[in-house]
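All remarks here apply to the structure that follows.
The values are calculated or read from the model by the stated rules, or taken from the named source; none is laboratory data. Model, not experiment: these values are computed from the prediction. So basically every Cβ, Gly included, is an ideal-geometry build from the backbone, and we count neighbours across all protein chains shown. For accessibility, only protein heavy atoms count, side chains too; no ligands or nucleic acids. Shrake-Rupley method; radii C 1.70, N 1.55, O 1.52, S 1.80 Å.
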Amino acid sequence: QVQLVESGGGLVQPGGSLTLSCAASGSIFGIYPMGWYRQAPGKQRELVARITGLGNTNYADSVKGRFTISRTNGKNTVYLQMNSLKLEDTAVYYCNVEIRRDYWGQGTQVTVSA
């Protein structure tokens, strides 16, 4: 089994910053692509950012230039640095790892509000 533990969500004002962290553990043998997704109320879950085992990244257009995904070398630990947060970034953020299938964390709430 694979477990994902997320941390770092919270309440922040527009223009502020937050960093999310996620660590994968369990029956994992190797380094795998990981990502962050988010789901706002009434909307579908969407990809925010993804990073491969080699460090290649891709981002949703809505977060390019504001968010940065990174990972600890040689580990299935991923971070999401979120800067210049906007009201529309409010959502539950989920960590994901791709190991033959998708595994998901429990989600962490990010609320951007004045």
Local electrostatic count, PRO33, Cβ distance below 14 Å [Lys/Arg +1, Asp/Glu -1]:
+3
Taking the Cβ of ALA60 as the center, what net charge do the other residues with Cβ under 14 Å away carry, scoring Lys and Arg +1 and Asp and Glu -1?
+3
Carbon plus sulfur, as percent of the 1.4 Å-probe accessible area of the stretch 23-114, comes to 48 percent
Rg and Dmax of the chain, Cα atoms only, in Å
13.4, 44
Hypothetical label at ARG100: residues of the stretch 21-38 whose amide nitrogen lies under 20 Å (7 Å Cα-Cβ projection):
24-35
Springs between alpha-carbon pairs under 10 angstrom, Gaussian network model over the chain: which of SER62, SER25, SER84 fluctuates most?
SER62
Max mean-square fluctuation residue, GNM over the chain, Cα-Cα springs under 10 Å, options PRO33, PRO14, PRO41
PRO41
Quick one: dipole size for the chain, taken about the Cα centre, charges +1 on Lys/Arg Cβ and -1 on Asp/Glu Cβ, in debye to the nearest 20.
140 debye
For ILE31 and LYS64, FRET efficiency with R0 = 22 Å and r from the beta-carbon atoms, rounded to 0.05?
0.35
Would you list, by chain and number, the lysines whose Cα falls below 16 Å from the Cα of LYS64, excluding same-chain residues fewer than 8 positions away?
LYS86
Pairs of Cα atoms under 8 Å, at least six residues apart: use those to get the relative contact order of the chain, whole percent.
36 percent
